[in-house]
Structure formats: C-alpha cells, structure tokens
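The values are calculated or read from the model by the stated rules, or taken from the named source; none is laboratory data. Remember, it's a predicted structure, so these values are computed and weren't measured experimentally. Remember, those area values only see protein heavy atoms, side chains included, never the ligands or the DNA or RNA. Shrake-Rupley method; radii C 1.70, N 1.55, O 1.52, S 1.80 Å.
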Amino acid sequence: MEETININVSLGGIAIPLKVNVSDEANIRKIVKALDDQLTIYSRKYTGQSLQTLLSMLLIEQAITLSKLQQEHLFVEEELGGRLEQILSLFDTQV
C-alpha cells in the first residue's frame, strides 16, 4: 500500500486540505496551480463575478475537456483494437 500524506493547496484563495499518495503530490500541486492560474485569468476577464461563478465556469471547462479526452481515448481504443484484431486474424490465416 502506498504511503499517503496530508497537504494543503489553495484554489481561489481557499485553503483545501488533501490526503494524497506521496507519488502523486507533485502532480497534484501542478494541477492545482494550473487551475488557480486559469481562475485568475477568469477573474480578470469576468470582473465582478463571484468566486462561486468563476469556480463553476472552471468546473464546466474542465468537464468539457475531460469528456473530449474520454471520447478521443475511446475512439483510439476502438480503432486500435479493430486494427489489432485484423492483424491477428491475418496471422491466424497464415499459420
């Protein structure tokens, strides 16, 4: 079982305690920094919006990106899986 640690990150000025795997810490901090940077861009672009609205915008943007990546992954999996089956059937017919 991997060792876990408690860390604190900040998103939009809100301190968030997390319990993470030691091996994931650097990546999590990098992700939170990127999210916080995007939140800063939103706050400059959409002045006067509440933090809740900005965080909601960020959440929706990230969900859209995740959905697109999942669709691409599924396509690649299906495409490569189909091609692999074709290659294997060629080997089967020649054996």
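Odds and ends about this structure:
- Rounded percent of accessible protein surface that carbon and sulfur make up, the chain, 1.4 Å probe: 59
- Cα-based Rg / Dmax (Å) for the stretch 1-76: 15.0, 46
- Amide H contacts of Q49 (H built 1.01 Å from N, under 5 Å, at least 5 apart or other chain): none
- Degrees between helix 25-45 axis and first principal axis of the chain (Cα, 0 to 90, nearest 10): 60
- Contact order normalised by residue count of the chain, Cα under 8 Å, 6+ apart, percent: 17
- Residues in the chain average 82 Å² of solvent-accessible surface per residue, probe 1.4 Å, ligands and nucleic acids excluded.
- Taking the centroid of alpha carbons for each part, the stretch 9-51 and the stretch 56-89 are 26 Å apart.
- Over the residues of the chain, the helix contribution to mean residue ellipticity at 222 nm works out to -25000 deg cm²/dmol, using -39500 (n - 2.57) for each DSSP H run of at least 4.
- Kirkwood hydrodynamic radius (C-alpha pairs) into Stokes-Einstein, the stretch 43-95, 20 °C and 1.002 mPa s, D in µm²/s: 148
- Cα-based equivalent ellipsoid, the stretch 13-56: semi-axes from gyration tensor eigenvalues, Å: 25, 11, 6
- Amide hydrogen neighbours beyond the local backbone of V9, cut-off 5 Å, H modeled: I16, L18
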